[in-house]
1. Return yes when S55 is outside any helix (DSSP H, G or I) and surrounded by fewer than 12 Cβ atoms within 10 Å (Cβ to Cβ) and no when it is not.
2. Mind counting the residues in region 176-210 that are open to solvent by less than 30 Å² (accessible area, probe 1.4 Å), acidic (D, E) and under 22 Å from S118 (Cβ atoms)?
3. Considering only region 180-201, state which residues are part of a strand (DSSP E or B) and either among the aromatic types (F, W, Y) or touching a residue at least 12 places away in the same chain (Cβ under 8 Å) (or both).
4. Right, D176: free of Cβ contacts under 8 Å to residues at least 40 places away in the same chain and within 30 Å of P353 (Cα to Cα) or not?
5. Of A243, A238, which residue is free of Cβ contacts under 8 Å to residues at least 60 places away in the same chain, under 22 Å from the mean Cα position of the chain (by Cα) and under 27 Å from G119 (Cα atoms)?
6. Given (1) closer than 18 Å to D97 by Cα; (2) modelled with pLDDT under 95, identify the lone condition not met by L341.
7. What about R210, is it part of a strand (DSSP E or B) and of a type in the set (D, E, K, R)?
Amino acid sequence: MDVRIWSKLPERLLDRVIAFLPPPAFFRARSVCKRWYGLLYCSSFLELYMQISPSHHWFLFLKHRTLKSYICRANTSSGGNGDNQTNCEGYLFDPCDAAWYRLSFNLVPSGFYPASSSGGLVCWVSDEAGAKNLILFNPLVDSLIQLPPTLRPRLFPSIGLTVSPTSVDVTVAGDDLISPYAVKNLSTESFHIDAGGFYSIWGTTSSLPRLCSLESGRMVHVDGKFYCMNYSPFSVLAYDMAANKWFKIQAPMRRFLRSPGLVESRGKLILVAAVEKSKLNVPKSLRLWGLQDCGTWVEIERMPLQLYMQFAEVEGGNGFDPVGHGEFIVIMIRGSDKGLLFDICRKRWRWIPACPYLGSSGCANNGEGAELRGLAYEPRLATPVISLLSCFTG
């Protein structure tokens, strides 16, 4: 690399090169000079970044605790000084390089848990029973905005989120509080804002199918619809945002499934589950089915038997939670920080390397035995919908 050439590159060309850097490399590059440091606040660079920056199909993991404390918060203030913020961190995983990075969520107030992610924003939901407050937060640049509270009181509803550069859609479903001591899955309410000036502040409501059980707490967005698992018996519930209507999809092999979960991968809905039944003529396995346009399921992958035996031994019947992003699917074992990564394009399975930050977060047990729960997360330096929301909600 001839320094005489590189030192004379036009700034516009240099900016294009920098815009292609993954976020960790970009933040390291900011230390080179004053101009590069200021790129994060330069509107022309951020516009260029939004146009040409490649997508990064990464994952965000947070420590899972109880329903009242989904994440591990370190050094919680107990001095009674009124400070409602506590130290909180997440762990960003790059599946291409099998690398871990640490993110801070210190600006998120206490009493909120992470529920969903889209477009570089993580959605945090208040954990107190009642009308739900939702916060959208970009941990890379510490930008945060709180949405207006939901209209109906709920306990721990399922949350669906989809964010584009010009719009935000949030759907909150189920766990309606019908009394101070009882909940029931009755209704859905939706929030929408777009740059075209159309908005609905929890004004769109619909009824859930009768006798549904939304125990997963999370929704998956695919092609204008939110999907979530329904239990007892297993099926898939789908919410068409445009039609404001719910419908059911029968799950494959529903009588023999264990720990089923839904993920989005390359624009397709995929169901991940263990198949276990002693009277079946096939060995126990972990399988992936893809939902076709006609509404039927097609098996697309089966974990190799030897690997499944290793996985089942580690999992010990505790269950697992899948999360998909791009060509990757992560399957995390409940009650642990261990998981498998599946590359759909290369048809390759591998164990995820241990997160090096779990033992240094200052949490109880020093990170040992911590359970990680994951979200599909695309790190973005710019999330212009924050400014859009500020205009409507400010």
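The values are calculated or read from the model by the stated rules, or taken from the named source; none is laboratory data. The structure presented is a predicted model; accordingly, all values stated were derived computationally and were not measured. Positions of Cβ are backbone-derived with ideal geometry, glycine not excepted, and every protein chain shown enters the neighbour counts. With ligands, DNA and RNA removed, areas are computed over all heavy atoms of the protein, side chains included. Shrake-Rupley method; radii C 1.70, N 1.55, O 1.52, S 1.80 Å.
1. Details: outside any helix (DSSP H, G or I): yes; surrounded by fewer than 12 Cβ atoms within 10 Å (Cβ to Cβ): yes.
Yes, satisfied.
2. 1
3. First, the residues of region 180-201 that are part of a strand (DSSP E or B): 182-184, 187-194, 199-201.
Listed by number, the residues that qualify are V183, S187, T188, E189, S190, F191, H192, I193, D194, Y199, I201.
4. On the way: free of Cβ contacts under 8 Å to residues at least 40 places away in the same chain: yes; within 30 Å of P353 (Cα to Cα): no.
Against the criterion (free of Cβ contacts under 8 Å to residues at least 40 places away in the same chain and within 30 Å of P353 (Cα to Cα)), D176 does not qualify.
5. Numbers: A243 fails: under 22 Å from the mean Cα position of the chain (by Cα).
After ruling out the rest, the residue left standing is A238.
6. The failed condition is (2).
7. On the way: part of a strand (DSSP E or B): no; of a type in the set (D, E, K, R): yes.
Criteria not met by R210.
Matching residues to (1) farther than 26 Å from F226 by Cα; (2) part of a strand (DSSP E or B); (3) in the same structural domain as L341 (by the TED database); (4) in contact with a helix residue (DSSP H, G or I) (Cβ under 9 Å, 6 or more places away or on another chain):
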{"position": "L103", "(1), (2), (3), (4)": "yes, yes, no, no"}
{"position": "E128", "(1), (2), (3), (4)": "no, no, no, no"}
{"position": "V141", "(1), (2), (3), (4)": "yes, no, no, yes"}
{"position": "I145", "(1), (2), (3), (4)": "no, yes, no, yes"}
{"position": "L151", "(1), (2), (3), (4)": "no, no, no, no"}
